[in-house]
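This report concerns only the one structure given below.
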């Protein structure tokens, strides 16, 4: 962990836990946290790349994961020198004088800075080794990082560094042995039948939970959103808003505009080249044009739509100007209006009525959620405005725009629309729907996600969940009985006892790519849903059979029968594998020869999978047999992220620029 650490560790230091039976002290993991803070604050390029690497929740897990990586790297003989650290720093614009300046700001020795950079180099090498990537020079990646960050700095601002960290990771850094393994494993298909046994079957046998049990369950999941925690339990109230909006339908405006034949003819003459005649194969015929009569209707409708859209924009601008009049006397602070308690905005109803009188267009008013909360993740379902964009910009959808509101505490790293300064009481920008209709909304209230004030607010749900949890535990206790019933009497007997049906799974892949941006790649099995445990269990039984193709004649049914928990649905699945279709030799040769396409698929299926990353806190903890000391964890979890000796933001230093 570097020479600087050794001076901190001595007798009597509290133990944090054990890795493979070896004690890890609190000071060691806190030193890891300090290294991460040094990178984040003084060498932000490396800090952001580190953040992209570490899959962990909170500072406690991040510092432990960093320590685990360094610990296992030492076992494997991975190291880095001061010279390598200086070279990396030089590649991002920090020379030896800059290193000394950082050390002075920290009131620490230069070696402390170098140790943090060496740890980063070690982590990069360890990541490359563990993920089976082909080697790439670290300087090549840093160079690519700098180029991307510079190219996008004007567009993304501070987010350019985060974007660069993601994009600078070459998606094709996968070794050929890993490709072979991937193709053989991921291109197979397995299928059969299954019965889903719900925990509800056991509810009649469950006694009412006592107050202490309810309180314990509430405390455990009060900071989880519904569907987010284990078993899908969650009592945290999500980001939510109350809002009102008006809409100016394009169809309504169309009735107020007209196009004279002379206008259409003028457009035709000015744009005649757009109306070239086509032959029978829809190919243009050089020098031949459609007549004005042939294209009059097309031109007239197009011009009418354009006029209607321009008028709708004019109406919306008038509405926005009226809604903004009361804001003229309100001062701004850091881009946001600083309202006092006496502020009263103009009624949207009043504005809508004025617009109708002035423009003779019916203005739609939407007040359903003016006095009623709606979760932000549901506002995309609102009629009309739900699929609109601020100013028509495709990078500014309605849902993201609302989520950027000041009162929702948005994160600048994940919501670029913060720069639009949306807040309660302030009318939105003009929103343009997919059909050209325009909208303006105003937030009446907004609440960031928060835990309920007390269990009383959600007690009915807590009671339901508590009983289901106990029922699920009882179901799992009887897993073996259900499995034995399936093996001895078949799935029909299981379905009959569970009061449900036998379901065909269809042919199931190991992963299911839903597009480059998709993170959840667990196949969605018809009638069952997504379960990585189920998919893995089915493939395990298929592989253990030693056969492929149609297994029904080759392998006895009881040898093809298994089970898997459906934790998110509080159910148990008992299944039978009937088919195991492996990749053919011809398919393998075709895919293996297309290295770039296969490597790209691997990048998004292995490295960006919804399954725990091999370098995640969860996976590393299992790999290194991490056993935490509970008292030490509780003590350390209360601490803020460690501060370096000098509390000065990185952006104020030349090195971090």
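The values are calculated or read from the model by the stated rules, or taken from the named source; none is laboratory data. Because the structure is a prediction, the values reported are computed rather than measured. Reconstructed Cβ throughout: ideal geometry from the backbone, glycine too, with neighbour counts over all protein chains shown.
Look at region 411-426 and say how many of its residues are assigned to a loop (DSSP other than H, G, I, E, B), under 16 Å from residue 440 (Cβ atoms) and touching a residue at least 24 places away in the same chain (Cβ under 8 Å).
Qualifying residue count for the region: 4.
Against the condition surrounded by fewer than 22 Cβ atoms within 10 Å (Cβ to Cβ) and within 28 Å of residue 222 (Cα to Cα), how does residue 449 come out, does it pass?
yes
From the list 312, 338, which residue is assigned by TED's automatic domain parsing to the domain that holds residue 249, in contact with a helix residue (DSSP H, G or I) (Cβ under 7 Å, 6 or more places away or on another chain) and at pLDDT 90 or above?
One residue alone meets the criteria, 312.
Taking region 486-513 as the search range and keeping residues that are buried (at least 19 other Cβ atoms within 10 Å of the Cβ) and out of contact with any strand residue (DSSP E or B) (no Cβ under 8 Å at 6 or more places or on another chain), which one is farthest from residue 192 (Cα to Cα)?
511
Given the criteria modelled with pLDDT of 90 or more, in contact with a strand residue (DSSP E or B) (Cβ under 6 Å, 6 or more places away or on another chain) and either surrounded by fewer than 18 Cβ atoms within 10 Å (Cβ to Cβ) or outside the structural domain of residue 320 (by TED's automatic domain parsing) (or both), does residue 189 qualify?
Yes.
Of everything in region 232-263 that's closer than 26 Å to residue 438 by Cα and over 49 Å from the mean Cα position of the chain (by Cα), which residue is surrounded by the most Cβ atoms within 10 Å (Cβ to Cβ)?
Going through the qualifying residues, I end up with 263.
Residue 62 - would you say it is under 17 Å from residue 103 (Cα atoms), under 26 Å from the mean Cα position of the chain (by Cα), touching a residue at least 40 places away in the same chain (Cβ under 8 Å) and assigned to a helix (DSSP H, G or I)?
Spelling it out, it is not the case that residue 62 is under 17 Å from residue 103 (Cα atoms), under 26 Å from the mean Cα position of the chain (by Cα), touching a residue at least 40 places away in the same chain (Cβ under 8 Å) and assigned to a helix (DSSP H, G or I).
From the set of residues in region 539-564 that are under 31 Å from the mean Cα position of the chain (by Cα) and modelled with pLDDT of 95 or more, which is surrounded by the most Cβ atoms within 10 Å (Cβ to Cβ)?
Residue satisfying both the conditions and the ranking: 564.
Return the residues of region 303-326 that are over 12 Å from residue 257 (Cβ atoms) and out of contact with any strand residue (DSSP E or B) (no Cβ under 8 Å at 6 or more places or on another chain); say none if nothing qualifies.
Listed by number, the residues that qualify are 317, 318, 321, 322, 325, 326.
Conditions (1) under 31 Å from the mean Cα position of the chain (by Cα); (2) assigned by TED's automatic domain parsing to the domain that holds residue 48; (3) outside any loop (DSSP other than H, G, I, E, B); (4) at pLDDT 90 or above, marked per residue:
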| site | (1), (2), (3), (4) |
| --- | --- |
| 99 | no, yes, yes, yes |
| 108 | no, yes, no, no |
| 111 | no, yes, yes, yes |
| 118 | yes, yes, yes, yes |
| 127 | yes, yes, yes, no |
| 135 | yes, yes, no, no |
| 154 | yes, yes, yes, no |
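Enumerate the pairs (first residue in region 553-567 and on the phi > 0 side of the Ramachandran plot and in the same structural domain as residue 481 (by TED's automatic domain parsing); second residue anywhere and part of a loop (DSSP other than H, G, I, E, B) and crowded, with 17+ Cβ neighbours inside 10 Å) with beta-carbon separation below 7 Å, excluding pairs fewer than 6 apart on the same chain, so at least 6 apart or on different chains.
none
Give region 370-381 a look and list any residue that's closer than 14 Å to residue 441 by Cβ and out of contact with any helix residue (DSSP H, G or I) (no Cβ under 8 Å at 6 or more places or on another chain), or say none.
370, 374
Residue-by-condition table, conditions (1) closer than 30 Å to residue 48 by Cα; (2) in contact with a strand residue (DSSP E or B) (Cβ under 9 Å, 6 or more places away or on another chain); (3) in contact (Cβ under 8 Å) with a residue 40 or more places away in the chain; (4) crowded, with 19+ Cβ neighbours inside 10 Å:
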| site | (1), (2), (3), (4) |
| --- | --- |
| 350 | no, no, no, no |
| 371 | no, yes, yes, no |
| 401 | yes, yes, no, yes |
| 438 | no, yes, yes, yes |
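Considering only residues that are in contact with a helix residue (DSSP H, G or I) (Cβ under 9 Å, 6 or more places away or on another chain) and outside any helix (DSSP H, G or I), look in region 357-369 and name the one that is surrounded by the most Cβ atoms within 10 Å (Cβ to Cβ).
Checked region 357-369; the qualifying residue surrounded by the most Cβ atoms within 10 Å (Cβ to Cβ) is 363.
Kindly evaluate residue 327 against the criterion of being outside any strand (DSSP E or B) and either without any contact (Cβ under 8 Å) to a residue 40 or more places away in the chain or in contact with a helix residue (DSSP H, G or I) (Cβ under 8 Å, 6 or more places away or on another chain) (or both).
no
Quick check, is residue 569 at pLDDT below 95 and within 16 Å of residue 482 (Cβ to Cβ)?
So residue 569 passes the test.
Name the one entry in 36, 54 that is modelled with pLDDT of 90 or more and under 25 Å from the mean Cα position of the chain (by Cα).
That would be 36, the only listed residue that is modelled with pLDDT of 90 or more and under 25 Å from the mean Cα position of the chain (by Cα).
Would you check if there is a residue in region 456-477 being assigned to a loop (DSSP other than H, G, I, E, B) and surrounded by fewer than 16 Cβ atoms within 10 Å (Cβ to Cβ)?
The answer is no, given that none of the residues of region 456-477 is assigned to a loop (DSSP other than H, G, I, E, B) and surrounded by fewer than 16 Cβ atoms within 10 Å (Cβ to Cβ).
May I ask you to say which residue of 319, 286, 293, 264 is farther than 24 Å from residue 370 by Cα and in contact with a helix residue (DSSP H, G or I) (Cβ under 9 Å, 6 or more places away or on another chain)?
Being farther than 24 Å from residue 370 by Cα and in contact with a helix residue (DSSP H, G or I) (Cβ under 9 Å, 6 or more places away or on another chain) holds for just one of 319, 286, 293, 264, which is 264.
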